[in-house]
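J.: One structure follows; several queries about it will come next.
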């Protein structure tokens, strides 16, 4: 290795060093501790620092006995994955449409930036406030029910609008669509417009151009946005708790319940399981495209 290459390597490591230290201190090391604690024993009031797989066995207790039916933990993860799938599809459709409009229908870069910043307005308030804002709209005596009654579409308030799976999905889509818009828009503005013109010149219709040119080139942004949305929804328990009226189970809610019961090894075991499931989903998605090139 010559002197020039050595200096470049040193500079590269110095640039990456601070972020690497932050990553180690706030992610890798805590994750190692969580994994270690997940193998500790525990009782009703304390952790016992001896090796035990009780946190995992208690989590899957009764699963084998109930086969072929699903046990509680599998039903909970099934419910969480269902929310992930529905929210992912909804945010993908909405996010792609918004990004497409900004990238190809807004010609001025100033307007593109301005409208992109407009999408960040909901983030000027906390998630809890944005969730609570749906209650006057979807509640039993909310605006939607009053409008339905005024139009004589219902004779009594619609109960499933609030504190239900529907309200949870609505809140998720409202909260996290922005995480899909930004990476897709970032991929779309990099698309060479001459490729689209060439597709039209070759006789391609709008749909053919979208499917065969735009979507493949925007795939990195779609994957990155999907990872953002899925990882957030998988671990969320506040949104499900508030908008579900504390009646809907989720993987994140299991961890919260274990922590409230001071069963830290069991909570750590569930956190490791949740991380493993989420990582499997992310790995499956990253096999579709090399997002390192996008980053």
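Bear in mind that the values in this text are calculations on the coordinates, not laboratory data. Remember, predicted model here, so these are calculated numbers, not experimental data. Cβ coordinates were reconstructed from backbone atoms using ideal geometry, including for glycine residues, and neighbour counts include every protein chain displayed.
J.: Stretched out fully, how many nm does the piece from residue 205 to residue 277 gain, at 0.36 nm a residue minus the Cα gap?
T.: Gain on extension, residue 205 to residue 277, equals 21.9 nm.
J.: Where a ≥ b ≥ c are the square roots of the eigenvalues of the C-alpha gyration tensor, would you call the chain rounded, which needs a/c under 1.5, or, failing that, prolate if a/b is larger than b/c, or oblate?
T.: Judged from the Cα gyration tensor, the chain comes out oblate (a/c at least 1.5, b/c at or above a/b).
J.: Could you work out the relative contact order of the chain, using alpha carbon pairs under 8 angstrom and six or more residues apart, expressed as a whole percent?
T.: So the answer I get is 26 percent.
J.: Let me ask you something else. Under the rule a/c < 1.5 gives rounded, and otherwise a/b versus b/c splits prolate from oblate, where does the stretch 48-158 land using the Cα gyration tensor?
T.: Note, shape of the stretch 48-158 comes out oblate.
J.: So, one more: Given Cα pairs under 8 Å that are at least 6 residues apart, what percent is the relative contact order of the stretch 78-192?
T.: It comes to 42 percent, rounded to a whole number.
J.: Tell me, 154, 194, 76 in order of fewest to most beta-carbon neighbours within 10 Å?
T.: Fewest-to-most Cβ neighbours within 10 Å comes out as 194, 154, 76.
J.: So, one more: Between residue 194 and residue 232, what is the spin-label point distance in nm, taking each point 7 Å from the Cα along the Cα→C-beta axis?
T.: 3.7 nm
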